[in-house]
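Participant: Before anything else, here's the structure in question.
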Amino acid sequence: MQLSILIPVYNVAAYLPDLLQDLLSELPLNAEIIFYDDASPDNSIAIVEEFMLLYPRVQIRILRGNENIGLTKAREQLLLASNANYVWFVDSDDKVNSAVLAEVLLILSRDQPDILVFDYDVFFDGSNQLKHHETLSFYPKNNLVHTSGKEIYRTAILDGRHYFWNKIFRRELIIGIVSYDIPAYEDIAYTPILLSKCQSFYYLAQVVVHYRIRKDSIAQKLNLQQVYGLNAYIQQALYADKVVGDKKCQAYLLYKAHLYYFRLCRKLARINLPEKEKEAILLLAKQQYAEKPLSTCATILLLLRTGMWGKAFKLGLKSGLASLSGK
């Protein structure tokens, strides 16, 4: 099997038909789909089973969880279940450009990159209105490039688009590398680490995934899970410094962590939530923010030393505003 497409499933019955129609109608024979039913309360898996009957030639497996373990752990279970050469984590509420699937499989077979990265666009749920199209900073396009894991890591970090779902990994390189224990924002916490293990990439400059913005998603709705984005940036900054040895990446990630904390505090001050819930979110945010290895001033100095003058100025401004508001 050349490619395993790994899809966690939880309460996505409204979105699965679009994704399944995209994937199953054009999926090459040397690819499979593995679903993980994360104790979904709706009929998501029933929809998968209906499509299995419609497309009997497609190789599909369903893993069933007895209890809800969350997206991060579900991805780990899916990875462990695959024996394919490559793995691709796909979110169950997104859409896929089925027209390029054959080209994706051809690149994997012909060029055998450690990592295949590709463009995506972002649209709003309900209206299907396109928000923006995202291109990556990898270069050159549409070619196999041999380089170091450090360079791939730096490109991804400074590019800022280090998601699981716009990358296809050589499976053997990412088994047993990360712990999959962060409750949310595992893309930020783990994807760059996996990229640092790669020695070659292929940048396919085509849109392969259409990313859906949902109002009820973790990224859009303020709750305890959002705080783990702060933890992810801080842990990744430590990895950039201690393991990769890249001060520029460390500076950028700490810059993101500081801004994330200031933004979170502003949201909490404005949003209408029960006071106990606000207090719990703020307490967790303060605990995680306290784990940062450098203060705001030290981060600004590191940004200046690594040539990121604009970001140093922005962080200084945001820090000053946060101090005035008592954050």
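Participant: Nearest 5 is fine: what % of DSSP beta bridges in the chain come out antiparallel, could you say?
Facilitator: Details: 14 of 41 bridges.
Antiparallel bridges make up about 35 percent of those DSSP assigns within the chain.
Participant: Residues of segment 228-270 with the amide nitrogen closer than 16 Å to a label point 7 Å from the Cα of residue 150, along Cα-to-Cβ, please.
Facilitator: Output list for this probe position: 239-251.
Participant: Strictly over 20 Å apart at the Cα level, which of 131/215; 247/292; 73/242; 95/167; 247/267; 256/314 would you flag in this model? Don't skip to the end; give the middle numbers.
Facilitator: On the way: 131/215 14 Å; 247/292 15 Å; 73/242 26 Å; 95/167 15 Å; 247/267 30 Å; 256/314 11 Å.
73/242; 247/267, as the Cα separations exceed 20 Å there.
Participant: Using helices alone, what [θ] at 222 nm do you get for the chain, with -39,500 (n - 2.57) per DSSP H run of 4 or more residues, divided over all residues and rounded to the nearest 500?
Facilitator: On the way: 12 runs with 147 residues, N = 327.
It comes out at -14000 deg cm²/dmol, rounded to the nearest 500.
Participant: With a 1.4 Å probe and all protein chains in place, put 57, 170 in order of accessible area, largest first.
Facilitator: Working: 57 120, 170 45 Å².
Largest accessible area first, the residues go 57, 170.
Participant: Hey, quick one: spin label on residue 1, modelled 7 Å out along Cα-Cβ, who in segment 142-185 has an amide N within reach, i.e. under 14 Å?
Facilitator: 171-172
Participant: Which entry in [x] 12; [y] 23; [z] 16 is this structure's computed percent of Cα pairs over 38 Å apart?
Facilitator: The listed entry that was calculated here is [z].
Participant: Which helices of the chain meet both criteria: a Cα extent of 24 Å or more along the helical axis and a mean Kyte-Doolittle score no lower than -0.5, with helices taken as whole DSSP H segments? List each step's numbers first, then the result.
Facilitator: Working: long enough: 247-270 (35 Å, -0.37).
Answer set is 247-270.
Participant: Moving on to the next point. With every protein chain left in place, what is the accessible area of residue 291 in Å² (1.4 Å probe, nearest 10)?
Facilitator: Only protein atoms counted, so the area is about 100 Å².
Participant: Quickly work out the residue 172-to-residue 243 label distance, labels modelled 7 Å from Cα along the C-beta direction, and quote it in nm with one decimal.
Facilitator: Those two pseudo-labels are separated by 2.1 nm.
Participant: If packing is taken as the average count of other Cβ atoms within 10 Å, what order do 13-21, 224-232 fall into, highest mean first? Each step should come with its number before you reach the end.
Facilitator: Numbers: 13-21: 17.9, 224-232: 22.1.
Per-residue Cβ counts within 10 Å, averaged per peptide and sorted highest first, yield 224-232, 13-21.
Participant: What is the extension gain from residue 42 to residue 297, computed as 0.36 nm multiplied by their sequence separation minus the C-alpha to C-alpha distance, in nm to one decimal?
Facilitator: Values: separation 255, 0.36 × 255 = 91.80 nm, distance 4.89 nm.
That works out to 86.9 nm of additional length.
Participant: Further question on the same structure: Using a basic spin-label model with each label point 7 Å from the Cα along Cα→Cβ, how many nm lie between residue 223 and residue 29?
Facilitator: 4.5
Participant: So, in nm, how far is label residue 283 from label residue 127 when the simple model puts each one 7 Å beyond its Cα toward the Cβ?
Facilitator: Taking the two extended label points, one gets 3.9 nm.
Participant: For residue 106 and residue 179, calculate 0.36 nm times their separation in residues minus their Cα-Cα distance, and state this gained length in nm to one decimal.
Facilitator: Numbers: separation 73, 0.36 × 73 = 26.28 nm, distance 3.14 nm.
Stretched fully, the residue 106-residue 179 segment lengthens by 23.1 nm.
The values are calculated or read from the model by the stated rules, or taken from the named source; none is laboratory data. Since the structure is predicted, the reported quantities are computational estimates derived from the model, not experimental observations. Every residue, glycine as well, gets a Cβ built from its backbone with ideal geometry; the counts of neighbours run over all protein chains shown. SASA here: full protein model, heavy atoms, side chains in, ligands and nucleic acids out. Shrake-Rupley method; radii C 1.70, N 1.55, O 1.52, S 1.80 Å.
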